[in-house]
1. For the range 1-122, what does the alpha-carbon gyration tensor say about shape, rounded, prolate or oblate, given a ≥ b ≥ c as the root eigenvalues, a/c under 1.5 as rounded, and a/b over b/c as prolate?
2. Taking only protein heavy atoms into account and a 1.4 Å probe, give the accessible area per residue of the range 78-124 in Å².
3. Report, in degrees rounded to the nearest 10, the 0 to 90 angle that the Cα long axis of helix 176-188 makes with the longest principal axis of the chain.
4. Defining a contact as two alpha carbons under 8 Å apart and six or more residues distant in sequence, what relative contact order in percent does the range 48-186 show?
5. What do you get for GluC sites (Glu not before Pro) in the range 99-204 restricted to DSSP loop and a cutoff of at most 13 other Cβ within 10 Å of the site's Cβ?
6. Quick one: grab the alpha carbon gyration tensor of the range 229-319, order the square roots of its eigenvalues as a ≥ b ≥ c, and give me rounded if a/c is under 1.5, else prolate or oblate depending on whether a/b is larger than b/c.
7. For LYS278, which lysines qualify as cross-link partners when the Cα separation must be under 17 Å and same-chain residues fewer than eight apart are set aside?
8. Mind listing the long-range amide H neighbours of PHE121? Cut-off is under 5 Å, sequence gap 5 or more, other chains count too, H placed in the peptide plane at 1.01 Å from N.
Amino acid sequence: MDLIKLIKEKIGRFVNTPHFSGLESVVLHIEIAEKHRERGKQENNDFLFTDAIYRTNHAFEGILKEAYAILTQQDPVTKNPFQIEKYLETNNILRERVSSLLKNYRVEWRNPSTHDYKLFFTEQESFLAIVSICAFIIILLDQLIEKSAFDREKEEVSKTGENPTAIIQDYQTLDLWKQIIELLKDYSSKFSRPLTSSLGWNQAEILGGLAAFIQFADDRIDISREVSIESGNLKALADMVLEKENDKIILEIKRAKKYTTDMEPAMDQVFSYLSAAKINVGILYFFPDEPAFSMVESVVERKVGGIVQKVIRLFPKET
């Protein structure tokens, strides 16, 4: 797996945004770190392994500045790296996985290399530092892509001045899962294009745009993303958990082009989430690659421990 190539692909979604040049600088620091590591091996020069970690530190600080700007929509120019880290962590802005990777890099590499000027690193340690910073940046970029898609979709739907719930018959009297199904049908027919059309859809973009649409349509629905679900040997993250008053459902999103030919594994996945989370209704939404004005809805029920669980499948009708 080419981690730097993957980072570049994700950064490519920020072309023509104020953040692109800063994100490119982050990649440059990682590339230079890798060059230092390779030269250190070739020249048998341990100092270059330490220099590699200094460069990953620059990448660490740079990505945090861009994350602060995108996630808070505030200029980070007056903030130092410590203040940015503290703000993001104190306000629980970073997702759990991102926060965990941030703490790992800080403890294992940034702090030791910053505070102990006599410390030197080995080739293996420089390799681990590069892998660690790449993993952190890749996972963080998904959150940044999702937030950018959320902001753009929110702006787009706000411009229309039309609330989707106004055209849904008896919307207020429907159960939560039925409300969401109707909103998904509407969204499927008119969603925005990807952030960068030439790269196609990214899962994070889909989730961000959809969350913005649901929030705009009905702000009484609480949307939780990447919800940790654990039970026995199962440890997973549900795409969304939607809650309104005393109603709660799981919403899992798949790309239609990839999954509609074989729905059973995805169905089993959602049913396992329902059992683990003790939620009785889930929606499996197959996101169409192009706006779809005709969506097929079907319900599958299973009885587990005397409780009926229900998963509603929603997928584009084949033309």
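The values are calculated or read from the model by the stated rules, or taken from the named source; none is laboratory data. Keep in mind it's a predicted model, so treat the numbers as computed, not measured. Every residue, glycine among them, receives a Cβ derived from its backbone with ideal geometry; neighbour counts consider all protein chains shown. SASA here: full protein model, heavy atoms, side chains in, ligands and nucleic acids out. Shrake-Rupley method; radii C 1.70, N 1.55, O 1.52, S 1.80 Å.
1. Working: a/c = 2.12, a/b = 1.39, b/c = 1.53.
In terms of gyration-tensor shape, oblate.
2. On the way: 3170 Å² over 47 residues.
For the range 78-124, the solvent-accessible area averages 67 Å² per residue.
3. Once rounded, the angle reads 70 degrees.
4. Values: 76 pairs, mean separation 43.5, N = 139.
Relative contact order, the range 48-186: 31 percent.
5. On the way: sites: GLU108, GLU123, GLU125, GLU146, GLU153, GLU155, GLU156, GLU162, GLU182; in loops: GLU162.
Loop-located and lightly packed - GLU162.
6. Working: a/c = 1.83, a/b = 1.71, b/c = 1.07.
Prolate.
7. LYS235, LYS244, LYS248, LYS303, LYS310
8. Residues meeting the amide H criterion: THR50.
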